[in-house]
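In what follows, a structure is listed as structure tokens, so that the remarks can point back to it.
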Amino acid sequence: MENDTAPASGTRGASKLKAWRISATATAFGLVALFFAWQWYDGHNRIGALRDELAQRVRESESDSRDARLSARQAQETAREAQAKLAQIELKLAEFQNQQLSLDTLYQELSRSRDEWVMAEIEQILTIASQQLQLTGNVQVALSALQTADARLARSGRPQFLPLRRVFSRDIERLKTAPSLDVPGFAAKLDELIAGVDSLPLVQEARPRATSAPKREADGLWERLVAELLGELRQLVRIENMEGSDPALLSPPQAFFLRENLKLRLLNARLALLARDEAAYHGDVKVAASWLERYFDTRSRAAVAMAVTLKQLGSGSIVVSLPTLGESLAAVRAYKPIRKQAGQ
């Protein structure tokens with residue numbers, strides 16, 4: 001009986017061991033299958049995320065392209081507006097030239113009387129000087145014209161010109177004490193800035209400054225070799241504090257449109273200067289200075305010079321209260337009828 005029971009219990013133990021092994025093997029296969037399923041699911045999610053990111057990048061690129069085309073159209077429209085304003089200014093200058101030609105014609109058609117000839121010449125000089133004073137604010141030209149007219153009357157030696165000379169003297173004193181505004185000088189500086197925009201380096205093109213480590217004399221050959229090797233290694237990687245916000249990274253088309261828009265801002269400032277529009281002038285100069293500080297390498301010599309010039313141009317006012325030559329012109333024009341009445 002005991003012998004029969006022992007084999008039966010051994011058979012049951014072997015069966016349990018075999019069942020346990022089969023269960024462990026199935027569990028292991030299940031874990032491996034679960035691991036591969038998880039890996040497939042994770043890879044599928046990553047591929048989907050990469051596909052979404054790629055689609056987002058494509059949409060952003062298309063949006064940037066549309067923005068660039070819009071900026072180009074805006075730049076073209078601004079250029080056309082600037083050309084229209086320049087055409088208006090050229091038209092005004094042509095009108096002034098026509099007025100000068102008319103005055104020349106009037107000068108030829110004047111009476112043979114010496115006094116009327118002198119008055120016509122003085123009126124022509126004062127008219128041109130008054131136009132220059134209104135257009136460019138050039139006080140020195142108006143002052144020189146009045147002094148020339150006064151000297152012309154003084155050379156004639158006629159006492160009937162004394163009232164006119166007193167009027168000229170009052171206008172001369174007002175012009176001497178009037179504030180001066182160098183409009184041609186400001187316009188020339190703006191032209192120089194426009195011409196120098198293309199030579200400005202962008203901030204993203206700036207290179208770190210090389211730092212020289214203190215050198216000491218090496219005695220042995222190995223020490224010199226180690227020192228040279230360390231010097232070369234220091235040149236491989238440089239860390240520099242930009243001292244501000246991250247620089248704007250611009251693509252070549254964006255850099256081109258940035259320079260063109262900066263030129264247009266400076267050109268608008270020049271037009272506002274000629275039109276005496278102080279708000280537009282200071283606004284354009286301020287925007288140009290902010291763009292220069294943000295997008296260009298302010299450590300370069302050209303950028304430093306432009307920043308100094310923009311600061312000078314934006315520090316003063318372009319609207320000054322200037323006297324006119326109206327009193328002198330009115331006196332000259334009122335004198336001719338008197339001379340005709342006296343001649344009659």
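The values are calculated or read from the model by the stated rules, or taken from the named source; none is laboratory data. It should be emphasised that the depicted structure is a prediction, and the values quoted were computed from it without experimental measurement. Neighbour counts run over all protein chains shown; Cβ positions are idealised from the backbone, glycine included. The area values use the complete protein model at the heavy-atom level, side chains included, leaving out ligands, DNA and RNA. Shrake-Rupley method; radii C 1.70, N 1.55, O 1.52, S 1.80 Å.
Once neighbouring chains are kept in place and the probe is 1.4 Å, which whole percent of the accessible area of the stretch 165-205 is contributed by carbon and sulfur? Mind dumping the intermediate values first?
Details: 1090 of 2150 Å².
That share works out to 51 percent.
Applying 1/(1 + (r/R0)^6) with R0 = 56 Å to the Cβ-Cβ distance of Glu327 and Lys286, what FRET efficiency is obtained, to the nearest 0.05?
Numbers: r = 38 Å, r/R0 = 0.69.
For Glu327 and Lys286, the calculated efficiency is 0.90.
Determine the gain in length on full extension of the stretch Arg165-Ser251; use 0.36 nm per residue of separation and subtract their C-alpha separation, reporting nm with one decimal.
24.3 nm
May I ask you to give the percent of accessible area on the stretch 251-302 that is carbon plus sulfur, with a probe radius of 1.4 Å? Mind dumping the intermediate values first?
On the way: 1440 of 2620 Å².
Solvent-exposed carbon and sulfur of the stretch 251-302 make up 55 percent of the total.
Out of residues 5 or more away from Phe296 or on other chains, whose amide H comes under 5 Å of its own, with H placed 1.01 Å from N in the peptide plane?
Excluding prolines and chain starts, which carry no amide H, the hits are Val203.
Using R₀ = 56 Å, calculate the FRET efficiency as 1/(1 + (r/R₀)^6) where r is the Cβ-Cβ separation of Phe29 and Gln76; round to 0.05. Numbers along the way, then the final one.
Working: r = 70 Å, r/R0 = 1.25.
Efficiency at R0 = 56 Å is approximately 0.20.
Between Ser65 and Glu293, what length comes free when the chain is fully extended (0.36 nm per residue of separation minus the Cα-Cα distance, one decimal in nm)? Provide the component values of the computation, followed by the final result.
On the way: separation 228, 0.36 × 228 = 82.08 nm, distance 2.54 nm.
Gain on stretching Ser65 to Glu293: 79.5 nm.
Roughly speaking, what is the stretch gain from Gln204 to Ala275, that is 0.36 nm per residue apart minus the C-alpha to C-alpha distance, in nm to one decimal? Working shown, then result.
Numbers: separation 71, 0.36 × 71 = 25.56 nm, distance 3.66 nm.
Difference between extended and current length: 21.9 nm.
From the protein chains alone at 1.4 Å, what is the descending order of accessible area for Arg59, Arg259, Arg299, largest first?
Values: Arg59 125, Arg259 35, Arg299 90 Å².
Sorted descending by solvent-accessible area, the residues read Arg59, Arg299, Arg259.
Taking 45 Å as R0, compute the FRET efficiency from the Cβ-Cβ separation of Trp38 and Ala307 and round it to 0.05. If you can, show how the numbers build up before the last one.
Working: r = 60 Å, r/R0 = 1.33.
Plugging the Cβ-Cβ distance into 1/(1 + (r/R0)^6) gives 0.15.
Compute the signed sum of charges (Lys and Arg +1, Asp and Glu -1) over the other residues within less than 11 Å, Cβ to Cβ, of Tyr295. Don't skip to the answer; put the middle values down first.
Numbers: positive: Arg259, Arg294; negative: Glu205, Glu293, Asp297.
Charge balance in the 11 Å sphere: -1.
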